[in-house]
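The values are calculated or read from the model by the stated rules, or taken from the named source; none is laboratory data. Just so you know, these numbers come straight off a predicted model, no measurement behind them. Don't worry about glycine lacking a Cβ; one is built from the backbone with ideal geometry, like all the others, and counts go over all protein chains shown. Surface accessibility is based on the protein's heavy atoms, side chains included, excluding ligands, DNA and RNA. Shrake-Rupley method; radii C 1.70, N 1.55, O 1.52, S 1.80 Å.
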Amino acid sequence: WVRDKTRDSRRHKTLERYKTINLHGFFSKIWDASSGWILVFLVGVASGLLAGIIDVAAEWASDLKEGVCPSNPYYDRESCCWLSNQTFEDEGSCGAWEGWGLHTGIHSSGGRYALEYFIYISFAVVFASLSGLFVVVLAPYAAGSGIPEVKTILSGFVIRGYLGAWTLIVKSVGMVLAVGAGLSLGKEGPLVHVACCCGNLFTRLFPKYYNNEAKKREILSA
């Protein structure tokens, strides 16, 4: 902490000295003062976009276990019903959405139930297995919510790779698959880890933060 504080103080003194010498030094001072706001803005936009994509994809994966939208397979049940100006507040009120039994043309209620049950279980097992496999093989740091580890990093410890690009990708994909599989977990805790990964990656564009662990923790805290 002391070393980072000293390094940042030297950087500030250098900027103040060059600010009065030439125009480049003046604009460098302005850029240094505004870089924190720009960085936080970029992290907020990236985190929001990722959260939206994860939420939409998880909803689609969850609905895929029960049926499909014939007009557009990439729509979840709610979007499919909105597309046809229908609601689905009451079970079966949306004709635009088809269960797997109806979609495959099975007419008997027993055969339709058996097929839909098998597809539901199959998708759930596949999604959950892929989620676990990606974490174990590609990014072990993507396991869990990530909040205890983020608190540990903020308290001064350095965990190499915990906020890296691979962790961010696997964490995002794993969340979609795990929630889509119906596992008893949510997206709120892991999204803290996702946001911190975005913050760590964007600090690479700003040496003021990337080369100073104390300043980097300010962004992670934000």
Residue in the stretch 93-106 that is surrounded by 12 or more Cβ atoms within 10 Å (Cβ to Cβ) and in contact (Cβ under 8 Å) with a residue 60 or more places away in the chain present: no
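So that you can scan it fast, the table gives a plain yes or no per residue for (1) among the charged types (D, E, K, R); (2) at pLDDT 90 or above; (3) open to solvent by less than 30 Å² (accessible area, probe 1.4 Å):
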position: T14; (1), (2), (3): no, no, no
position: A46; (1), (2), (3): no, yes, yes
position: A58; (1), (2), (3): no, yes, yes
position: E91; (1), (2), (3): yes, no, no
Tabulated pairs, the stretch 35-51, first of a type in the set (V, I, T), second open to solvent by 30 Å² or more (accessible area, probe 1.4 Å), C-beta under 6 angstrom, 6+ apart or interchain: V40/A222; V43/F202
Residue that is surrounded by fewer than 21 Cβ atoms within 10 Å (Cβ to Cβ) and under 22 Å from A57 (Cβ atoms), where the choices are A195, A143: A143
Qualifying residue in the stretch 185-197 (condition: outside any helix (DSSP H, G or I), at pLDDT 90 or above and farther than 18 Å from V40 by Cβ): no
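Find the residue count for the stretch 158-188, including only residues that are open to solvent by less than 20 Å² (accessible area, probe 1.4 Å), closer than 28 Å to Y120 by Cβ and among the small types (G, A, S).
5
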